[in-house]
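Notes follow the structure.
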Amino acid sequence: MAQAWAWGVFWGLNGLVGMAIPSSFADECQSDSNPVPFTSAEVQARALFGQAMNEENHGSPVRAAELYEQATSLAPDYLAPILARGTLAFESQDYRVAEECYSKALGLRPGDLDLLLTLARTHLALEEPGAALFLLDPALAGGWNEELAMAKVEALAHLGDKAGAVEVLSRFVPGKTFDQALQLLLRMYELDDDLAPAIELAKGLVARSPDDGVLRARYTHLLLRAQEYGRAADLMEQTLKQNPKDHDLRRALVQLYGGPFPNAARVSLHERILERSNTEKSRPGRNP
């Protein structure tokens, strides 16, 4: 239960990675150039779709949603209003309506990977990782797709399946998406208090992104939780060299030195802080 609550907070703060309108939407919106003649209902549906987009652009999402639904009722196979209604619902966090719309759209365009990915991420927003995996596994069996794989890691993270996430990650090519996936794995280790692999993973992530202050803070926190006080102090010292005006970190480091270290280590580390502090005070232009 605690893990489920923690994941809810995590997703709420961070959002879903890469959520976007599927490219099918753009394709469908430009399909009016199709020379095939429309029925009267289709003409009306397209007119309603145009009105709905206008309402949405002018800040009337409720009216826009009504018009999108009217357009769909007139022309059930017309994809654009279905996708637009789904996107509008997702943006307003009405994920169940979004799921219904994207499911309907995928029924009209089976095999469309953009739609499949969007629906899978909607299931993740609904905290339905099993439903997301049901979509993602067959798609990935047909060929490697980094965005689909990232969504699968997200689903496995929801389930706390570290072994499954590691297996997917082993196929990634290093890059931005890979680092995002690694951070999800790190979160799993953190939530499970699985500190040893979490520390090693955080160490690698910090080495890859040395200027990422959030990652450095997470790495430091993990070291402190594991009572790796010496390593934590070294990391905090390195961070202070990069950000010498971070007085909160300086105070935290002083508190750490006054706490769990043996006396000799405390004296040595205190001297290092005082020496640097005196050096800063002696710089030209500083007030005594």
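The values are calculated or read from the model by the stated rules, or taken from the named source; none is laboratory data. Please read all numbers here as calculations on a predicted model, not as lab measurements. Virtual Cβ from ideal backbone geometry, glycine too; neighbours counted across all protein chains shown.
Can we say Glu147 is in a loop (DSSP other than H, G, I, E, B) and within 17 Å of the chain's Cα centre (by Cα)?
Numbers: in a loop (DSSP other than H, G, I, E, B): no; within 17 Å of the chain's Cα centre (by Cα): yes.
It is false that Glu147 is in a loop (DSSP other than H, G, I, E, B) and within 17 Å of the chain's Cα centre (by Cα).
Matching residues to (1) under 18 Å from Glu200 (Cα atoms); (2) at pLDDT below 85:
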residue	(1), (2)
Gly130	no, no
Phe134	no, no
Asn145	no, no
Ala149	no, no
Glu154	no, no
Lys162	yes, yes
Val168	no, no
Val173	no, yes
Gln180	yes, yes
Quick test of your reading of the structure: Arg96 fulfils all but one of (1) at pLDDT 95 or above; (2) closer than 17 Å to Ala157 by Cα. Name the failing condition by number. (2)
Identify all residues within the stretch 182-215 that are basic (Lys, Arg) and at pLDDT 85 or above; write none if there are none. Lys203
Would you point out which residue out of Asp211, Asp192 is closer than 29 Å to Glu147 by Cβ, touching a residue at least 60 places away in the same chain (Cβ under 8 Å) and more than 18 Å from the chain's Cα centre (by Cα)? Asp192
Let me spell it out: the conditions are (1) modelled with pLDDT of 90 or more; (2) under 17 Å from Phe90 (Cβ atoms), and Phe25 meets all of them except one. Which number is the exception? (1)
Looking at this structure, is Phe172 surrounded by 13 or more Cβ atoms within 10 Å (Cβ to Cβ), assigned to a loop (DSSP other than H, G, I, E, B) and among the hydrophobic types (A, V, I, L, M, F, W, C)? yes
For Asp137, state whether it is surrounded by fewer than 23 Cβ atoms within 10 Å (Cβ to Cβ) and assigned to a loop (DSSP other than H, G, I, E, B). no
Across the stretch 61-92, what is the number of residues that are in a loop (DSSP other than H, G, I, E, B) and either in contact (Cβ under 8 Å) with a residue 12 or more places away in the chain or buried (at least 22 other Cβ atoms within 10 Å of the Cβ) (or both)? 4
Would you check which residues across the stretch 186-224 are part of a helix (DSSP H, G or I), over 16 Å from Glu237 (Cα atoms) and among the charged types (D, E, K, R) and list them? Arg187, Glu190, Glu200, Arg208
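Matching residues to (1) among the polar types (S, T, N, Q); (2) without any contact (Cβ under 8 Å) to a residue 12 or more places away in the chain; (3) more than 21 Å from Tyr78 (Cβ to Cβ):
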| site | (1), (2), (3) |
| --- | --- |
| Tyr102 | no, no, no |
| Pro110 | no, yes, no |
| Ala125 | no, no, yes |
| Glu147 | no, no, yes |
